[in-house]
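To start, the structure under review is shown below, and the notes come after it.
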Amino acid sequence: MSPVTGSEAHTVNGAEAQVIPLHGPGRVSPPAAPPSPSSEPSSEAPVVAFPAAPPAPAEPEPLPESVRSALAFLRNRLTGDYTVDEFGFDAELTETLVLPPLRALYEKWFRVDTFGVENLPATGGALLVSNHSGTLPLDALMTAVAVHDETGGRHLRGLGADLVFKMPLVGSFARKAGQTLACNADAERLLSGGELVGVWPEGFKGIGKPFSARYKLQRFGRGGFVSAAMRAGVPIIPVSVVGAEETYPKLGDLRLLARVLGLPYFPVTPFFPLLGALGAVPLPTKWTIEFGEPIRTDDFTPDAVDDPMLVFTLTDQVRESIQQALYRRLAQRKNIFRG
């Protein structure tokens, strides 16, 4: 028998046959099956087409915050799910309807810069005392926006003249926006409740003064606001507003018409009433609002509020602080429209 590599040879009936082992280096694959006569040779695998999967539905974009707030406001109005405090203040209405248009004036029209915001307390009551000017009380509204935005949402509860609450619609709307009558009893209750209260002691004498007397503080009255702050034991924060005097420069006063309408004055400006409603648009002056260093009242004894000389001294101190801040800001201002 001759040696065969990787296989063994056997003789069957005189013929030599080769046996291929199942394992080892001599393994040979079985021959491939012959192609079908009907099939044609192909060099590429057949491609099977499947229908495309439908695209996933796009997720709806979230609604803007302003739209969500408006929808929530409408839902709460329809269901009655909102609160009003004992003074008639509706915080949700103020946040949704009152502050947004005022903020547009604050940021885009008057471009208000604020100073001394660190003097505004984060919690607890305080009395903000400000100068008053501009023919219309826009300075009070802009100060309310500044307080709200700079304190992270605290509302300024303004003390308004009785004329405001006698006007149809205006009075009820003012109460819903946080205003209340300028009296010591209401002021003390708000201050003792931890609210920020705003007062403008010049009153109509301040906003109605002629343009020639701009930035000259009028008399502050008998100091009732100081008494309220002393009884509540809260600080007094002087506030100085520059820019409001030039929004409606008051050149004259139609006193007869003012008496007929029951108003303290009827202003004549360079554009009103000459241009009608167009003349009522305020000039886009550049504003600054400065919150001065607080004047403490909690160091006084309870009976100190009955000392008229002490009350007068504190009143004069607040007035002088505001006046000096006005002079300082005016000296730094280069242009009434650019600041």
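The values are calculated or read from the model by the stated rules, or taken from the named source; none is laboratory data. In this text the structure is predicted, and so the values were computed from the model without any measurement. Note that each Cβ is placed from the backbone with ideal geometry, even for glycine, and that neighbours are counted across all protein chains shown.
General remarks:
- Only one of the numbered conditions (1) at negative phi; (2) out of contact with any helix residue (DSSP H, G or I) (no Cβ under 8 Å at 6 or more places or on another chain); (3) part of a loop (DSSP other than H, G, I, E, B) is not met by Gly152, and that is (1).
- Of the residues making up the range 280-316, those that are loosely packed, with under 13 Cβ neighbours inside 10 Å, part of a loop (DSSP other than H, G, I, E, B) and without any contact (Cβ under 8 Å) to a residue 40 or more places away in the chain are Asp299, Thr301.
- Within the range 140-174, the set of residues being under 30 Å from Leu261 (Cβ atoms), out of contact with any strand residue (DSSP E or B) (no Cβ under 8 Å at 6 or more places or on another chain) and either among the acidic types (Asp, Glu) or at pLDDT 95 or above (or both) comprises Leu141, Val145.
- With respect to being more than 18 Å from Pro294 (Cβ to Cβ) and among the β-branched types (Val, Ile, Thr), Val117 falls outside the description.
- The criterion of at least 2 residues that are touching a Lys or Arg at 6+ places or on another chain (Cβ under 6 Å) and over 23 Å from Ala331 (Cβ atoms) is met, among helices (runs of 4 or more DSSP H) falling completely within the range 173-250, by 184-192.
Here's the yes/no breakdown for (1) modelled with pLDDT of 95 or more; (2) closer than 29 Å to Lys108 by Cα:
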residue: Pro264; (1), (2): no, no
residue: Val268; (1), (2): yes, yes
residue: Pro284; (1), (2): yes, yes
residue: Thr288; (1), (2): yes, yes
residue: Asp298; (1), (2): no, no
residue: Glu320; (1), (2): yes, no
residue: Leu326; (1), (2): yes, yes
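- For the range 318-332, a residue qualifies if it is exposed (fewer than 14 other Cβ atoms within 10 Å of the Cβ) and either in a loop (DSSP other than H, G, I, E, B) or not small (Gly, Ala, Ser) (or both), and the qualifying residues are Glu320, Gln324, Tyr327, Arg328, Gln332.
- Qualifying residue in the range 195-213 (condition: touching a helix residue (DSSP H, G or I) at 6+ places or on another chain (Cβ under 8 Å) and of a type in the set (Ser, Thr, Tyr)): no
- The residues in the range 222-271 that are surrounded by fewer than 15 Cβ atoms within 10 Å (Cβ to Cβ), within 22 Å of Cys183 (Cβ to Cβ) and either touching a helix residue (DSSP H, G or I) at 6+ places or on another chain (Cβ under 7 Å) or not charged (D, E, K, R) (or both) can be counted, and the count is 1.
- Residue that is surrounded by the most Cβ atoms within 10 Å (Cβ to Cβ), among those in the range 63-121 that are touching a Gly at 6+ places or on another chain (Cβ under 7 Å) and closer than 22 Å to Asp186 by Cβ: Phe89
- Checking each residue of the range 292-302 against the condition of being touching a Phe, Trp or Tyr at 6+ places or on another chain (Cβ under 6 Å) and not aromatic (Phe, Trp, Tyr) gives no match.
- Cβ-Cβ under 6 Å pairs, at least 6 apart or on other chains, the range 79-96 side without any contact (Cβ under 8 Å) to a residue 40 or more places away in the chain, far side charged (D, E, K, R): Tyr82/Glu92
- Within the range 100-115, not a single residue is touching a Lys or Arg at 6+ places or on another chain (Cβ under 6 Å), farther than 20 Å from Leu217 by Cα, among the aliphatic types (A, V, I, L, M) and modelled with pLDDT of 95 or more.
- Restricting attention to the range 156-174 and to residues that are touching a residue at least 40 places away in the same chain (Cβ under 8 Å) and surrounded by 19 or more Cβ atoms within 10 Å (Cβ to Cβ), the residue that is farthest from Gly224 (Cα to Cα) turns out to be Leu156.
- Count - residues of the range 70-93 that are in a loop (DSSP other than H, G, I, E, B) and not aromatic (Phe, Trp, Tyr): 8
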